[in-house]
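Asks: Next up is a structure, given as structure tokens.
The values are calculated or read from the model by the stated rules, or taken from the named source; none is laboratory data. In this text the structure is predicted, and so the values were computed from the model without any measurement. As a convention, Cβ positions derive from the backbone with ideal geometry for all residues, glycine included, and neighbour counts pool all protein chains shown. We work out accessible area using only protein heavy atoms, side chains counted, and drop any ligands, DNA or RNA first. Shrake-Rupley method; radii C 1.70, N 1.55, O 1.52, S 1.80 Å.
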Amino acid sequence: MWCQRLAWLLRGQRGSPGRRWPIPAALARCHPTAPASPRCAWQLHQDHLELRYGSTLMRLDFVWLRDHCRSASCYNAKTNQRSLDTASVDLAIRPQAVRVDETTLFLTWPDGHVTRYGLEWLARNSYEGQKQQVMHPRILWNAEIYQQAQVPSVDCRSFLETDEGLKEFLQNFLLYGIAFVENVAPTKEDTEILAERISIIRETIYGRMWYFTSDFSRGDTAYTKLALDRHTDTTYFQEPCGIQVFHCLKHEGTGGRTLLVDGFHAAEQVLRRAPEHFELLAKVPLKHEYVESVGGCHNHMIGVGPVLNVYPWNNELYLIRYNNYDRAVINTVPHDVVRRWYHAHRALTAELRRPDNELWVKLKPGKALFVDNWRVLHGREAFTGYRQLCGCYLTRDDVLNTARLLGLQA
């Protein structure tokens, strides 16, 4: 899981301890009144407060502590917005008095203002606390893991009409990066109603809701009957689309199975076996490009970013940008790095193409598939006959917003 760390990506520069002030023994350590309360201790430094609470050792800058005050004059609890003008805080500020009891840190500032922090809140929201947390809990999978989990599809009526059905669907989607809804009427209009249950539909150069056939109507390999290797979509956007919806409305022919691969699982294997490859894929920026001039469609899109995108404070992977079709000329990588990058890319590609990582699904009318385009790669096998899909892209923020409102971590 992404609780693993790359030390060289996360190594911080610890500040000099500076002058230490003598602390009365009664204040230096808290003695909890309840056995379950963690022990805590604190010490002042020149520009920060060092606070140990349970197993978390925090280094809290005085400016940070003043800036995050949650008093009524500094923070609007109704709107959850800061009222304090951060630029007005003296960058050399330090508290005149510090007190800690079993649950709370009290700071008195030079102007007499008092800031109160719950120790639990500090442990969660400090840099050191965030390093220990995962933003998005996930279950990484290959084909066997996913099949053995027997993740259920959600019935369309339950999805549309009940919070329980919607929550079950979103929990599956957040954990696995894919989720299915069954018994959907095989029309574009009903698919649109389904998508709007969880998000605003993201309109792109492909329109809002699209029909998808092998009519060569766009300058993209997807509009053919050819097989498509695993990839993520819209890598040529500055922000790739977050979620993609597929619904097969009709197929009169053979083949055309959909391929799904958990890109995060593959990246985890690279991290475990060759962390230097993972580091390179997370640091080197690439261009992806889409150029078309077909009929009335004239577009030239360029997106820039590394293949692997991680949160810098805990090295948690949040986006994979992988599309060998749309990768542009590599002109953002110097000579002394480019060959090493190719080795790293080959290592990731080998993991993505391992047969045991491939989940093959036959889409059929009535079964809609939602794919996390920031995580799960998709492709298809070649097909014959007439095959029509519809679908759309969803805004990632709105899907996560819906999940959070239902009480899910997202």
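Asks: Take peptides 116-125, 314-323 and line them up by average Cβ neighbours within 10 Å, highest first, as a rough protection proxy. Could you put the intermediate results ahead of the total?
Replies: Values: 116-125: 16.8, 314-323: 21.2.
The most tightly packed comes first, giving 314-323, 116-125.
Asks: Same structure, new question: Among the aspartates and glutamates, which fall within straight-line cross-link reach of K367, defined as a Cα-Cα distance under 13 Å, with same-chain neighbours fewer than 8 residues apart omitted?
Replies: Cross-link targets: D155, E182, D190.
Asks: Would you mind calculating the gained length between A77 and I145 on full extension (0.36 nm times residue separation, minus the Cα-Cα distance), in nm to one decimal?
Replies: Values: separation 68, 0.36 × 68 = 24.48 nm, distance 4.37 nm.
Length gained between A77 and I145: 20.1 nm.
Asks: Moving to a separate point now. If you fit an axis through the alpha-carbon atoms of helix 396-405 and take the longest principal axis of the Cα set of the chain, what angle between them do you get, 0 to 90°, nearest 10?
Replies: For helix 396-405, the angle is close to 60 degrees.
Asks: Taking percent of Cα pairs over 43 Å apart as the quantity of interest, determine which of [x] 56; [y] 32; [z] 26 was computed from the displayed structure.
Replies: Of the labelled values, this structure produces [z].
Asks: Okay, next question. Segment 257-410: Rg/Rh from Cα coordinates, Kirkwood Rh?
Replies: When Rh is taken as the Kirkwood radius, the ratio is 0.99.
Asks: To continue, here is another question. For the chain, find the longest principal axis of its Cα atoms and tell me its angle to the long axis of helix 335-352, 0 to 90°, nearest 10.
Replies: With both axes taken from Cα atoms, the answer is about 70 degrees.
Asks: May I ask for the net charge around T104, where only other residues with Cβ less than 12 Å from the Cβ of T104 are counted and Lys, Arg are +1 while Asp, Glu are -1? Please list the in-between numbers first.
Replies: Details: positive: R70, R99, R116; negative: D101, E102, E120.
Result for the neighbourhood of T104: 0.
Asks: Quick one: Cα centre-to-centre distance for segment 273-339 and segment 46-106, in angstrom?
Replies: So the two Cα centres are separated by 39 Å.
Asks: Counting DSSP beta bridges with both partners in the chain, what percentage is antiparallel, nearest 5? Intermediate values should be presented prior to the final figure.
Replies: Numbers: 72 of 74 bridges.
Here the antiparallel bridges make up roughly 95 percent for the chain.
Asks: Roughly what angle does helix 163-176 make with the longest principal axis of the chain, taking Cα atoms, 0 to 90 degrees, to the nearest 10?
Replies: 90 degrees
Asks: Placing +1 on the Cβ of each Lys and Arg and -1 on the Cβ of each Asp and Glu in the chain, which of H277, L228, A195 has its Cα farthest towards the positive end of the resulting dipole?
Replies: H277
Asks: Now for a different question. Given a 1.4 Å probe, how much area per residue of the chain is accessible, in Å²? Don't skip to the answer; put the middle values down first.
Replies: On the way: 19870 Å² over 410 residues.
On a per-residue basis, 48 Å².
Asks: In nanometres, what is the gap between the two model label sites at H113 and E358, each 7 Å from Cα along Cα-to-Cβ?
Replies: Here the modelled spin labels are 6.1 nm apart.
Asks: With all protein chains present, how much of the accessible area of the chain (probe radius 1.4 Å) comes from carbon and sulfur, to the nearest whole percent? Write down the numbers at each step before the final one.
Replies: Details: 10170 of 19870 Å².
That share works out to 51 percent.
Asks: So, how do all the Cα-to-Cα distances of segment 41-131 break down into 5 Å bins, in percent, from 0 on up?
Replies: 3, 14, 24, 27, 20, 10, 2, 0
Asks: Let me spell out the model: positive unit charges on the Cβ of Lys and Arg, negative unit charges on the Cβ of Asp and Glu, origin at the Cα centre of the chain. What dipole size does that give, in debye rounded to 20? Could the numbers behind the result be given before it?
Replies: Working: 49 positive and 45 negative charges, 235 e Å.
Here the chain has a charge dipole of around 1120 debye.
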